[in-house]
Amino acid sequence: KANRKFHPDDSVIDVEGVKIGGGSFAVIAGPCSIESEEQITYCAQRVKAAGASLLRGGAFKPRTSPYSFQGMRSEGLDLLKLARRATGSPIVTEIMNTEHLPLFENVDLIQVGARNMQNFELLKAVGRQKKPVLLKRGLANTLEEFVMSAEYIMAEGNENVILCERGIRTFETSMRNTLDLAGVVMLHKMTHLPVIVDPSHACGHAWMVPQLAKAAVAAGADGLMIEVHNDPAKAKCDGAQSLTPDQFDELMGFIRKEVEFFGKKM
Ligand code: PEP
Ligand code: MN
């Protein structure tokens, strides 16, 4: 179902009226984690004003250490919905457990994170519901494995899958991961699904994010996911890679022109 061979045309995924793929470009932005009502609402307003069409914010966080902030969980989801009501932006947030699915009924785009890319029961479960799914590439997964994970979701009946390249593990240690832009080009050959790029998790350094975001657009990405925090130095998660709202606003000025240059709409 994901194979380009049987679907020559690009798929366009509609997230509450926001189109992604086939010439439609969308930017997802917001903090790594929801931390308070003020924080998520402020971030939501700023990223919307800068031109982001979807709001992200993690409530259930897959942290390396069990002693790190685990997210505000269902309370965080409620705050994210308040931010949606304040801005009108559809919301994107990560699910880690099939048992949490009822909590995600009202989420506009359900994210399956890198660490769960091959959690096959979770993939089947999000495939059995109707909301679109944002599937992130696993930390060390091949493109073939990535597309097969999309296939798991689609095989259950939900063909609204967006792929996200977010950097992979390599021998390089100066960046959090290595952004595989060639993989974006290859994915577009392998599949008709939209492919977006998350430069924030790919490199781990806020100062690098603008250049990687621009490169992603040039590589044919159908969208971007960018972490933006009101006060990155105090962020509970991923502050080092988060842009300030002002930095994001400046970046979006370039992205808009670049998207137009490549003949896409946003
Ligand atoms: C995230 O988007 O906050 C996240 C945890 O990303 P990834 O699964 O790509 O590490
Ligand atoms: Mn993050």
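Observations, loosely collected:
- Given (1) within 28 Å of residue 104 (Cβ to Cβ); (2) buried (at least 18 other Cβ atoms within 10 Å of the Cβ), number of the condition residue 219 does not satisfy: (1)
- For region 44-77, a residue qualifies if it is in a helix (DSSP H, G or I) and away from ligand 1 (no atom under 13 Å from the Cβ), and the qualifying residues are 44, 45, 46, 47, 48, 49, 50, 73, 74, 75, 77.
- Whenever a residue of region 247-266 is within 22 Å of residue 232 (Cα to Cα) and modelled with pLDDT of 95 or more, its partners that are among the aromatic types (Phe, Trp, Tyr) and surrounded by 13 or more Cβ atoms within 10 Å (Cβ to Cβ), lying with C-beta atoms within less than 9 angstrom and at least six residues away or across chains, give the pairs 255/25.
- Scanning region 96-116 for residues that are polar (S, T, N, Q) and within 10 Å of ligand 1 (Cβ to nearest atom) returns 111, 116.
- Looking only at region 236-246, and only at residues there that are assigned to a helix (DSSP H, G or I) and within 16 Å of ligand 2 (Cβ to nearest atom), the one that is surrounded by the most Cβ atoms within 10 Å (Cβ to Cβ): 241
- Annotation: of all residues in region 22-34 being out of contact with any Cys (no Cβ under 6 Å at 6 or more places or on another chain) and buried (at least 24 other Cβ atoms within 10 Å of the Cβ), the one that is farthest from residue 219 (Cα to Cα) is 34.
- Yes/no for residue 22 being touching a residue at least 24 places away in the same chain (Cβ under 8 Å) and closer than 22 Å to residue 137 by Cβ: yes
- Qualifying residue in region 252-262 (condition: more than 16 Å from ligand 2 (Cβ to nearest atom), under 16 Å from the mean Cα position of the chain (by Cα) and not polar (S, T, N, Q)): no
- Residue 194 being buried (at least 20 other Cβ atoms within 10 Å of the Cβ), closer than 22 Å to residue 260 by Cα and within 14 Å of ligand 2 (Cβ to nearest atom): no
- Residue within region 215-229 that is free of Cβ contacts under 8 Å to residues at least 12 places away in the same chain and of a type outside the set (Asp, Glu) present: no
- Considered as a group, the residues in region 159-184 that are more than 18 Å from the chain's Cα centre (by Cα) and either within 26 Å of residue 128 (Cβ to Cβ) or among the β-branched types (Val, Ile, Thr) (or both) include one that is surrounded by the most Cβ atoms within 10 Å (Cβ to Cβ), and that residue is 170.
- Some residue of region 146-163 being touching a residue at least 12 places away in the same chain (Cβ under 8 Å), touching a Leu at 6+ places or on another chain (Cβ under 8 Å) and within 16 Å of ligand 2 (Cβ to nearest atom): no
- Entry remark, region 133-142: residues being within 16 Å of residue 96 (Cα to Cα) and either buried (at least 16 other Cβ atoms within 10 Å of the Cβ) or among the acidic types (Asp, Glu) (or both) number 6 in total.
- For region 115-131, a tally of residues being under 16 Å from the mean Cα position of the chain (by Cα) and more than 14 Å from residue 94 (Cβ to Cβ) returns 0.
- Matching residues in region 1-43 - criterion: being within 13 Å of residue 88 (Cα to Cα) and part of a strand (DSSP E or B): 15, 18
- In region 197-209, of all residues being surrounded by fewer than 19 Cβ atoms within 10 Å (Cβ to Cβ) and away from ligand 2 (no atom under 11 Å from the Cβ), the one that is farthest from the chain's Cα centre (by Cα) corresponds to 207.
- Residue 145 among the acidic types (Asp, Glu), within 16 Å of ligand 1 (Cβ to nearest atom) and crowded, with 22+ Cβ neighbours inside 10 Å: no
- Residue-level analysis places residue 94 outside the set of residues that are of a type in the set (Asp, Glu) and in a helix (DSSP H, G or I).
The values are calculated or read from the model by the stated rules, or taken from the named source; none is laboratory data. As the structure is a computational prediction, the values presented were derived from the model and not from experiment. Cβ coordinates were reconstructed from backbone atoms using ideal geometry, including for glycine residues, and neighbour counts include every protein chain displayed.
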